[in-house]
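What follows is a structure written as structure tokens; I'll ask about it next.
Quick note: the coordinates plus some simple rules give every number you see, no bench work behind them. The model shown is predicted, which means the values in this text are computed figures rather than measured ones. Cβ coordinates were reconstructed from backbone atoms using ideal geometry, including for glycine residues, and neighbour counts include every protein chain displayed.
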Amino acid sequence: MTTDTNGPGTRRSIAAQLRVLGVRPGATLLVHAALRPLGFVCGGPHAVVLALRDALGPDGTIVVPTHTPDNSDPAGWRNPPVPADWWPLIRAEMPGFDPAVTPSRFMGVLAETVRGWPGALRSSHPHVSFTALGPAAEQVVAGHTLGDMLGEGSPLARLYDLDADVLLLGVDHSVSTSLHLAEYRCPGSPRQQMGAAARTGDGGREWVWWQDVRLDADDFDALGRDLEDTGAVRIGPVGAGTGRLMRQRAAVDFAVHWLARNRTTEDT
């Protein structure tokens, strides 16, 4: 089957390119995507999700980040900041996160398309939820802990347990959420207080606080380039753009050692 990138992308052509890239039937696949670099795709994000499902087959599971970064403590907002005298009102009035209806922010149209897909399941974290679609969905999203939100109680750790793959579609390693799992596995990672609005059991809402790792993705692109130099990342065309495919375990394990060599922690 042709994977010619000169014409418009289609469900069929994108699925074929994903197979050539190495997407495994039956795999669990964490996808980070920006669709604009793929060029024109007939059917847009709907067609890309169908292509992913075609490449994975009926036993495969798609996972996407459906984070809500705006549901966070306004004291930490920088782009843009808000006046300090607004903070109490924002904490009091921010709608509580509802996995069924709260939209993700800044995650891209593909993630939002998967979030709204029939049968998709979403984790319960008010700040960094994930959505999964496929047979392993419940195993991936269940039990997402409030604290250590991208650590051992998160879907990222469940993906590690499942030997999942990571697909970067039209994006680079700077957005690869799995690399944050490595931050949790590095002793002495700096920590900070976090906050968000959550739903209560009776359908109300409350502001919740927790302690968590202070996440830092500033060096993830450099980390990813070094990972590519090891041969662990398969790179190929998808539409008019580029796809990068890797085993999540390989990326996380490499990142743990890379961060230990290249970052200063609270213990050093």
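Select, from ALA92, ALA137, the only residue that is small (Gly, Ala, Ser) and surrounded by 17 or more Cβ atoms within 10 Å (Cβ to Cβ).
ALA137
May I pose another question? So which of VAL63, VAL82 is surrounded by 16 or more Cβ atoms within 10 Å (Cβ to Cβ), touching a helix residue (DSSP H, G or I) at 6+ places or on another chain (Cβ under 6 Å), outside any helix (DSSP H, G or I) and on the phi < 0 side of the Ramachandran plot? Walk me through it before giving the result.
Numbers: VAL82 fails: surrounded by 16 or more Cβ atoms within 10 Å (Cβ to Cβ).
It is VAL63.
Output the helices (runs of 4 or more DSSP H) that fall wholly within segment 137-204 and possess 1 or more residues being among the polar types (S, T, N, Q), or say none. If you could, list the steps in order and put the result at the bottom.
Numbers: elements: 137-141, 155-161, 178-184.
In segment 137-204, the matching helices (runs of 4 or more DSSP H) lie at 137-141, 178-184.
If you don't mind, another one. Taking the condition of being part of a helix (DSSP H, G or I), surrounded by fewer than 15 Cβ atoms within 10 Å (Cβ to Cβ) and hydrophobic (A, V, I, L, M, F, W, C), how many residues in segment 214-268 meet it?
The total comes to 1.
Of a type in the set (Lys, Arg) and more than 21 Å from the chain's Cα centre (by Cα): is that true of ARG24 in this structure?
Spelling it out, it is not the case that ARG24 is of a type in the set (Lys, Arg) and more than 21 Å from the chain's Cα centre (by Cα).
Here is a yes/no grid of residues against (1) over 28 Å from ILE90 (Cβ atoms); (2) out of contact with any Lys or Arg (no Cβ under 8 Å at 6 or more places or on another chain); (3) not aromatic (Phe, Trp, Tyr):
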| site | (1), (2), (3) |
| --- | --- |
| GLY170 | yes, no, yes |
| ALA196 | no, yes, yes |
| ALA250 | yes, yes, yes |
| PHE254 | yes, yes, no |
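A further question follows. Starting from segment 81-94, keep only residues that are free of Cβ contacts under 8 Å to residues at least 40 places away in the same chain, then list their pairs with residues that are in a helix (DSSP H, G or I) whose Cβ atoms are within a distance under 8 Å, requiring at least 6 positions of separation or different chains.
If the second residue must be in a helix (DSSP H, G or I), the pairs left are VAL82/PRO74; VAL82/ILE90; ALA84/ALA75; TRP86/PRO74; TRP87/PRO74; TRP87/ALA75; ILE90/PRO74.
Results for (1) more than 29 Å from LEU167 (Cα to Cα); (2) over 19 Å from the mean Cα position of the chain (by Cα); (3) touching a residue at least 40 places away in the same chain (Cβ under 8 Å), shown as yes or no for each residue.
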residue: GLN193; (1), (2), (3): yes, yes, yes
residue: ALA197; (1), (2), (3): yes, yes, yes
residue: GLY203; (1), (2), (3): yes, yes, no
residue: ASP212; (1), (2), (3): no, no, yes
residue: PHE220; (1), (2), (3): no, no, yes
residue: LEU223; (1), (2), (3): no, no, yes
residue: GLY236; (1), (2), (3): no, yes, yes
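Sort out which residues of segment 97-120 are crowded, with 18+ Cβ neighbours inside 10 Å and not in a loop (DSSP other than H, G, I, E, B), and write them in order of number.
Once the filter is applied, which keeps residues that are crowded, with 18+ Cβ neighbours inside 10 Å and not in a loop (DSSP other than H, G, I, E, B), segment 97-120 yields PHE97, LEU110, ALA111, THR113, VAL114, ARG115.
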